[in-house]
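What follows is a set of notes on a single structure, which appears directly below.
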Amino acid sequence: MFAQLLLGFMLTVPVDGGLPSDAGSGHVVTRAARDTMPAWLRHDMEQLVAGTGRWITDNSAYKSEGEPWDQYGIEWKWGFAKRSITGRLFGLKDGKNIGTFWDFHMVWHPGRNEAILFQWGSDGTMGEGPMKPDGKGGTAMEQTFHAPDGGRTRVGHQSRFEGNRHITESFDIKEGAWVPRRTYVWVLQPGEGTM
């Protein structure tokens, strides 16, 4: 059965590089539909996956007994048909990767007509929220996080690229106000990614 499904999927992929039809519904995703992703999102995705797709930041300003990581890393790669990117955030201690804390999936949602970032934490927390241009050459995102214990928080993010650096700022959103949390400067790493 799996082989039949796989073969059916493979047969629906157009030779011209378009996207497959929707599993027997007769709906074919056309090149025009694929190209509805806005240029700003395509540009951000291309920046994140550039070169190795591996970015490292210093954590010394936030390091503590409960957060002993010297650095954090994020690795990004293209998803299917370059319509999305997937990533993971990991910690580094004494230069060694100590494990993944978050997994990410950034997509253009054609039904909502917006960019969305989904993320899943190693503790079972799930976050999602829309992303949009901030009018200053970067992006802004508001996410809602749902914890396994039922807790819910809202977090804001602003980010921008400056050469091979990606500057990210995070905020708690309380009663509509964005309260600053952290700022990180991520540096694109040379060599090959490990994702």
Quiz item: Taking residue 107, is it closer than 26 Å to residue 61 by Cβ, at pLDDT 95 or above, β-branched (Val, Ile, Thr) and assigned by TED's automatic domain parsing to the domain that holds residue 42?
Solution: no
Practice problem: Please state which of the following conditions residue 86 fails to meet, knowing it meets all the rest: (1) part of a loop (DSSP other than H, G, I, E, B); (2) in contact with a strand residue (DSSP E or B) (Cβ under 6 Å, 6 or more places away or on another chain). | Solution: (1)
Exercise. Looking for whichever is crowded, with 16+ Cβ neighbours inside 10 Å, out of contact with any Leu (no Cβ under 8 Å at 6 or more places or on another chain) and modelled with pLDDT under 95 here; the options are 19, 89. Which one fits?
Key: 19
Self-check item: So residue 62, is it aromatic (Phe, Trp, Tyr), part of a loop (DSSP other than H, G, I, E, B) and in the same structural domain as residue 174 (by TED's automatic domain parsing)
Solution: yes
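For every residue, the table says whether it meets (1) surrounded by 16 or more Cβ atoms within 10 Å (Cβ to Cβ); (2) of a type in the set (Val, Ile, Thr).
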position	(1), (2)
125	yes, yes
130	no, no
148	no, no
151	no, no
156	yes, no
159	yes, no
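The values are calculated or read from the model by the stated rules, or taken from the named source; none is laboratory data. Predicted, not measured: the structure shown is a model, and the values here were computed from it. Don't worry about glycine lacking a Cβ; one is built from the backbone with ideal geometry, like all the others, and counts go over all protein chains shown.
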